[in-house]
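A short write-up of the structure that comes next.
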Amino acid sequence: MSLLQVKNLIVEFPGRHGTLRALDDISFEIAPGEILGVVGESGAGKSLTGAAIIGLLEPPGRIGGGQILLEGERIDGLPYERMRHIRGRKIGAIFQDPLTSLNPLYTVGQQLTETILAHMPLSAKQARERRFPCCKIPAYPQPNNAWALPHQFSGGMRQRVVIALALAAEPKLIVADEPTTALDVSIQAQIITLLKSVCKQHGAAVMLITHDMGVIAETCDRVAVMYAGRVAEIGPVHEVINHPSHPYRGPDGRDSRHYPGPRAPESD
Ligand SMILES: Nc1ncnc2c1ncn2[C@@H]1O[C@H](COP(=O)(O)OP(=O)(O)O)[C@@H](O)[C@H]1O
Ligand SMILES: [Mg+2]
(Lines give C-alpha, C1' and ligand atoms only; values in the text may rest on other atoms or scores of the structure.)
(Ligands and ions follow the chains in the order given, each with its own letter.)
Protein backbone atom coordinates (compact mmCIF):
# COMPACT_ATOMS: atom_id res chain seq x y z
CA MET A 1 0.00 0.00 0.00
CA SER A 2 1.13 3.53 -0.63
CA LEU A 3 2.40 5.54 2.29
CA LEU A 4 1.14 8.81 0.88
CA GLN A 5 -1.62 9.29 -1.65
CA VAL A 6 -2.46 12.65 -3.07
CA LYS A 7 -5.66 12.46 -5.08
CA ASN A 8 -6.94 15.20 -7.35
CA LEU A 9 -5.67 17.88 -4.99
CA ILE A 10 -6.81 21.42 -5.66
CA VAL A 11 -5.38 24.41 -3.78
CA GLU A 12 -6.93 27.79 -4.31
CA PHE A 13 -6.59 31.37 -3.18
CA PRO A 14 -9.85 33.28 -2.94
CA GLY A 15 -9.40 36.90 -3.86
CA ARG A 16 -11.42 39.99 -4.56
CA HIS A 17 -11.45 39.29 -8.28
CA GLY A 18 -12.25 35.61 -8.10
CA THR A 19 -10.50 32.48 -6.97
CA LEU A 20 -7.01 31.60 -8.18
CA ARG A 21 -6.51 27.88 -8.65
CA ALA A 22 -2.82 27.42 -7.82
CA LEU A 23 -2.81 23.60 -7.75
CA ASP A 24 -5.07 21.98 -10.27
CA ASP A 25 -5.83 18.28 -9.92
CA ILE A 26 -2.54 17.02 -8.48
CA SER A 27 -2.28 13.24 -8.04
CA PHE A 28 0.69 11.11 -7.05
CA GLU A 29 1.72 8.48 -4.54
CA ILE A 30 4.80 7.75 -2.48
CA ALA A 31 5.65 4.21 -1.41
CA PRO A 32 7.18 3.45 2.00
CA GLY A 33 10.91 4.22 1.94
CA GLU A 34 10.75 5.74 -1.52
CA ILE A 35 12.39 9.03 -2.47
CA LEU A 36 10.18 11.02 -4.81
CA GLY A 37 11.71 14.08 -6.40
CA VAL A 38 9.50 17.02 -7.29
CA VAL A 39 10.91 19.43 -9.85
CA GLY A 40 9.55 22.31 -11.83
CA GLU A 41 10.25 25.91 -12.48
CA SER A 42 9.64 28.61 -9.93
CA GLY A 43 5.91 29.11 -9.33
CA ALA A 44 4.99 25.62 -10.60
CA GLY A 45 3.35 24.71 -7.29
CA LYS A 46 5.99 22.57 -5.61
CA SER A 47 5.97 24.32 -2.24
CA LEU A 48 2.18 24.56 -2.13
CA THR A 49 1.98 20.80 -2.68
CA GLY A 50 4.38 20.22 0.22
CA ALA A 51 2.56 22.73 2.44
CA ALA A 52 -0.82 21.10 1.73
CA ILE A 53 0.57 17.69 2.71
CA ILE A 54 2.04 18.88 6.00
CA GLY A 55 -1.05 20.96 6.76
CA LEU A 56 0.72 24.30 6.68
CA LEU A 57 -0.98 26.14 3.85
CA GLU A 58 -1.02 29.78 4.71
CA PRO A 59 -4.45 31.42 4.62
CA PRO A 60 -6.16 32.47 2.48
CA GLY A 61 -4.70 29.48 0.63
CA ARG A 62 -6.93 26.47 1.11
CA ILE A 63 -7.61 22.98 -0.15
CA GLY A 64 -10.46 23.33 -2.63
CA GLY A 65 -10.85 19.67 -3.51
CA GLY A 66 -9.29 16.25 -3.53
CA GLN A 67 -7.81 14.14 -0.77
CA ILE A 68 -4.52 13.52 0.98
CA LEU A 69 -4.10 10.13 2.65
CA LEU A 70 -1.30 8.94 4.89
CA GLU A 71 -1.27 5.19 5.47
CA GLY A 72 -4.78 5.10 4.06
CA GLU A 73 -6.17 7.75 6.42
CA ARG A 74 -7.25 11.17 5.32
CA ILE A 75 -5.09 13.95 6.72
CA ASP A 76 -6.48 16.87 4.75
CA GLY A 77 -8.84 19.03 6.75
CA LEU A 78 -7.83 17.70 10.16
CA PRO A 79 -8.10 20.03 13.16
CA TYR A 80 -4.90 22.00 13.80
CA GLU A 81 -3.87 20.10 16.95
CA ARG A 82 -4.38 16.72 15.33
CA MET A 83 -2.34 17.78 12.32
CA ARG A 84 0.38 19.20 14.54
CA HIS A 85 0.69 15.82 16.16
CA ILE A 86 0.96 14.08 12.78
CA ARG A 87 3.55 16.62 11.75
CA GLY A 88 6.57 15.48 13.65
CA ARG A 89 5.33 12.05 14.62
CA LYS A 90 4.46 10.82 11.14
CA ILE A 91 5.68 13.54 8.80
CA GLY A 92 8.89 15.50 9.27
CA ALA A 93 9.43 18.78 7.48
CA ILE A 94 12.65 20.38 6.27
CA PHE A 95 12.60 23.84 4.75
CA GLN A 96 15.03 25.90 2.74
CA ASP A 97 16.08 28.08 5.66
CA PRO A 98 17.03 25.97 8.69
CA LEU A 99 16.46 28.94 10.99
CA THR A 100 12.70 28.78 10.34
CA SER A 101 12.71 25.35 12.02
CA LEU A 102 14.93 26.25 14.96
CA ASN A 103 14.22 28.30 18.04
CA PRO A 104 17.08 30.78 18.48
CA LEU A 105 16.71 30.80 22.27
CA TYR A 106 17.20 27.11 22.97
CA THR A 107 20.23 24.90 22.53
CA VAL A 108 20.06 22.33 19.75
CA GLY A 109 20.15 19.60 22.39
CA GLN A 110 17.10 21.04 24.15
CA GLN A 111 15.24 21.28 20.86
CA LEU A 112 16.00 17.68 19.98
CA THR A 113 14.91 16.51 23.44
CA GLU A 114 11.72 18.59 23.26
CA THR A 115 10.86 17.24 19.83
CA ILE A 116 11.37 13.66 20.95
CA LEU A 117 9.33 14.25 24.13
CA ALA A 118 6.52 15.89 22.20
CA HIS A 119 6.02 12.85 20.03
CA MET A 120 7.12 9.81 21.98
CA PRO A 121 6.09 8.38 25.34
CA LEU A 122 9.49 8.74 26.98
CA SER A 123 10.92 10.30 30.13
CA ALA A 124 13.21 13.33 29.80
CA LYS A 125 16.20 11.13 30.57
CA GLN A 126 15.21 8.58 27.92
CA ALA A 127 14.70 11.38 25.43
CA ARG A 128 18.17 12.77 26.14
CA GLU A 129 19.68 9.33 25.64
CA ARG A 130 17.69 8.88 22.48
CA ARG A 131 18.76 12.13 21.03
CA PHE A 132 22.36 10.97 20.82
CA PRO A 133 21.65 8.36 18.17
CA CYS A 134 20.14 11.24 16.18
CA CYS A 135 23.38 13.09 16.71
CA LYS A 136 25.36 10.23 15.23
CA ILE A 137 24.51 11.59 11.83
CA PRO A 138 27.98 11.95 10.31
CA ALA A 139 29.41 15.38 10.94
CA TYR A 140 26.38 16.31 12.99
CA PRO A 141 27.47 18.36 15.98
CA GLN A 142 29.01 16.05 18.54
CA PRO A 143 27.02 15.41 21.71
CA ASN A 144 28.98 18.16 23.50
CA ASN A 145 27.76 20.55 20.81
CA ALA A 146 24.23 19.84 21.96
CA TRP A 147 24.71 22.82 24.27
CA ALA A 148 25.27 25.21 21.41
CA LEU A 149 22.66 27.66 20.21
CA PRO A 150 21.58 27.59 16.55
CA HIS A 151 23.38 30.82 15.65
CA GLN A 152 26.67 29.29 16.74
CA PHE A 153 26.47 26.85 13.83
CA SER A 154 27.09 27.35 10.14
CA GLY A 155 24.14 27.03 7.75
CA GLY A 156 25.16 23.49 6.84
CA MET A 157 25.43 22.43 10.48
CA ARG A 158 22.04 23.98 11.19
CA GLN A 159 20.46 22.05 8.36
CA ARG A 160 22.00 18.87 9.80
CA VAL A 161 20.31 19.71 13.10
CA VAL A 162 17.02 20.25 11.27
CA ILE A 163 17.38 16.87 9.56
CA ALA A 164 17.99 15.28 12.98
CA LEU A 165 14.92 17.12 14.34
CA ALA A 166 12.77 16.03 11.41
CA LEU A 167 13.78 12.41 11.98
CA ALA A 168 13.74 12.52 15.80
CA ALA A 169 10.33 10.89 16.17
CA GLU A 170 11.02 8.44 13.35
CA PRO A 171 8.37 9.71 10.95
CA LYS A 172 7.36 7.66 7.94
CA LEU A 173 7.62 10.60 5.57
CA ILE A 174 9.93 13.58 5.24
CA VAL A 175 8.87 16.55 3.16
CA ALA A 176 11.98 18.53 2.22
CA ASP A 177 11.42 21.77 0.32
CA GLU A 178 14.62 22.97 -1.36
CA PRO A 179 16.63 21.86 1.69
CA THR A 180 19.97 23.01 0.31
CA THR A 181 19.08 26.04 -1.80
CA ALA A 182 20.08 28.49 0.93
CA LEU A 183 23.37 26.72 1.65
CA ASP A 184 26.84 27.17 0.32
CA VAL A 185 27.22 25.27 -2.97
CA SER A 186 30.22 23.37 -1.60
CA ILE A 187 28.14 21.62 1.07
CA GLN A 188 24.87 21.12 -0.82
CA ALA A 189 25.86 17.68 -2.07
CA GLN A 190 26.95 16.61 1.44
CA ILE A 191 23.60 17.56 2.92
CA ILE A 192 21.65 15.77 0.18
CA THR A 193 23.79 12.66 0.63
CA LEU A 194 23.22 12.86 4.37
CA LEU A 195 19.47 13.28 3.95
CA LYS A 196 19.33 10.32 1.62
CA SER A 197 21.41 8.01 3.81
CA VAL A 198 19.66 8.78 7.10
CA CYS A 199 16.23 8.45 5.53
CA LYS A 200 17.19 5.08 4.05
CA GLN A 201 18.55 4.05 7.48
CA HIS A 202 15.34 5.06 9.22
CA GLY A 203 13.17 3.66 6.42
CA ALA A 204 11.59 7.09 5.92
CA ALA A 205 10.12 8.02 2.55
CA VAL A 206 11.05 11.44 1.21
CA MET A 207 9.33 14.00 -0.95
CA LEU A 208 12.32 16.03 -2.12
CA ILE A 209 11.42 19.32 -3.72
CA THR A 210 14.24 20.85 -5.73
CA HIS A 211 14.89 22.70 -8.94
CA ASP A 212 18.14 20.79 -9.41
CA MET A 213 17.81 17.91 -11.89
CA GLY A 214 21.30 16.76 -10.91
CA VAL A 215 20.15 16.19 -7.33
CA ILE A 216 17.08 14.34 -8.59
CA ALA A 217 19.16 12.08 -10.82
CA GLU A 218 21.48 11.11 -7.98
CA THR A 219 19.02 10.89 -5.15
CA CYS A 220 15.52 9.94 -6.20
CA ASP A 221 13.72 6.77 -7.19
CA ARG A 222 10.97 8.56 -9.11
CA VAL A 223 10.38 12.12 -10.11
CA ALA A 224 7.30 14.26 -10.62
CA VAL A 225 7.67 17.20 -12.95
CA MET A 226 5.33 20.04 -12.10
CA TYR A 227 4.25 22.73 -14.47
CA ALA A 228 1.74 25.50 -13.87
CA GLY A 229 0.06 23.87 -10.89
CA ARG A 230 -0.16 20.41 -12.41
CA VAL A 231 1.90 17.23 -12.49
CA ALA A 232 3.07 17.23 -16.08
CA GLU A 233 4.91 13.96 -15.85
CA ILE A 234 5.79 11.34 -13.25
CA GLY A 235 7.91 8.21 -13.44
CA PRO A 236 11.21 6.53 -12.67
CA VAL A 237 14.03 9.05 -12.75
CA HIS A 238 15.93 7.46 -15.64
CA GLU A 239 12.80 7.36 -17.79
CA VAL A 240 11.83 10.95 -17.17
CA ILE A 241 15.36 12.20 -17.74
CA ASN A 242 16.03 10.12 -20.85
CA HIS A 243 12.62 10.02 -22.47
CA PRO A 244 10.89 13.22 -21.51
CA SER A 245 7.32 13.06 -22.73
CA HIS A 246 6.76 16.63 -21.73
CA PRO A 247 9.77 18.60 -22.87
CA TYR A 248 9.98 22.18 -21.82
CA ARG A 249 11.54 24.42 -24.35
CA GLY A 250 13.15 27.55 -23.14
CA PRO A 251 12.83 30.79 -25.09
CA ASP A 252 15.94 29.77 -27.02
CA GLY A 253 14.24 26.56 -28.15
CA ARG A 254 16.44 24.32 -26.03
CA ASP A 255 15.03 21.75 -23.70
CA SER A 256 15.25 23.53 -20.39
CA ARG A 257 15.29 20.50 -18.13
CA HIS A 258 17.95 22.08 -16.03
CA TYR A 259 15.61 24.29 -14.21
CA PRO A 260 17.30 27.56 -13.55
CA GLY A 261 15.90 27.82 -10.06
CA PRO A 262 13.98 30.69 -8.57
CA ARG A 263 13.66 33.54 -11.01
CA ALA A 264 14.89 36.92 -9.97
CA PRO A 265 12.02 39.20 -9.02
CA GLU A 266 10.76 40.97 -12.08
CA SER A 267 11.30 44.68 -12.06
CA ASP A 268 8.80 46.99 -13.66
N1 LIG B 1 0.01 33.59 -0.93
C2 LIG B 1 -0.34 33.40 -2.21
N3 LIG B 1 -1.32 34.12 -2.77
C4 LIG B 1 -1.70 33.91 -4.05
N5 LIG B 1 -1.13 33.01 -4.86
C6 LIG B 1 -0.14 32.26 -4.37
C7 LIG B 1 0.32 32.41 -3.02
N8 LIG B 1 1.32 31.51 -2.82
C9 LIG B 1 1.48 30.86 -3.98
N10 LIG B 1 0.61 31.30 -4.92
C11 LIG B 1 0.48 30.81 -6.30
O12 LIG B 1 0.86 29.47 -6.35
C13 LIG B 1 1.86 29.28 -7.32
C14 LIG B 1 2.80 28.21 -6.86
O15 LIG B 1 3.56 28.65 -5.76
P16 LIG B 1 4.67 27.72 -5.10
O17 LIG B 1 4.08 26.41 -4.71
O18 LIG B 1 5.30 28.52 -4.01
O19 LIG B 1 5.70 27.49 -6.31
P20 LIG B 1 7.12 26.78 -6.32
O21 LIG B 1 7.41 26.28 -4.93
O22 LIG B 1 7.01 25.68 -7.34
O23 LIG B 1 8.10 27.81 -6.77
C24 LIG B 1 2.48 30.65 -7.53
O25 LIG B 1 2.96 30.80 -8.82
C26 LIG B 1 1.33 31.57 -7.26
O27 LIG B 1 0.57 31.72 -8.45
MG1 LIG C 1 8.96 26.75 -3.62
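The values are calculated or read from the model by the stated rules, or taken from the named source; none is laboratory data. Fair warning: this is a prediction, and the values are worked out from it, not measured in the lab. Glycine gets a Cβ as well: all are built from the backbone with ideal geometry, and neighbour counts include every protein chain shown. Calculation scope for accessible area: heavy atoms of the full protein, side chains included, ligands and nucleic acids excluded. Shrake-Rupley method; radii C 1.70, N 1.55, O 1.52, S 1.80 Å.
Quick notes
- Residue-count net charge about Ala146 - beta-carbon cut-off 11 Å; Lys, Arg +1, Asp, Glu -1: +2
- With all protein chains kept in place, the per residue accessible area of the chain amounts to 50 square angstrom at a probe of 1.4 angstrom.
- Working ranking of peptides 64-77, 158-171 by packing, defined as the average number of other Cβ atoms within 10 Å per residue, highest first, is 158-171, 64-77.
- In the chain, a dipole from Cβ-located charges (positive for Lys and Arg, negative for Asp and Glu) runs towards its positive end, and of Phe28, Ala182, Val206 it is Val206 whose Cα lies farthest in that direction.
- Using Cβ point charges alone (K and R +1, D and E -1), the dipole size of the chain about the Cα centre works out to roughly 840 debye.
- Positive minus negative residues near Arg62 (Lys, Arg vs Asp, Glu; Cβ under 15 Å): -3
- About the Cα centre, charge dipole magnitude for the range 1-46 (Lys/Arg +1, Asp/Glu -1 at Cβ), debye: 200 debye
- The chain - percent of accessible surface contributed by carbon and sulfur, probe 1.4 Å: 52 percent
- Close amide H partners of Leu183, meaning residues 5 or more places away or on another chain with modelled amide H under 5 Å apart, do not exist here.
- Working note: Karplus 6.51/-1.76/1.60 with θ = phi - 60° gives the range 160-169 the couplings 5, 4, 5, 4, 4, 5, 4, 8, 4, 9 Hz, where Gly and Pro are set to x.
- Length-normalised contact order for the chain - Cα pairs under 8 Å, 6+ apart - percent: 26 percent
- Euclidean distance between Cα centres, the range 105-121 to the range 163-210, Å: 19 Å
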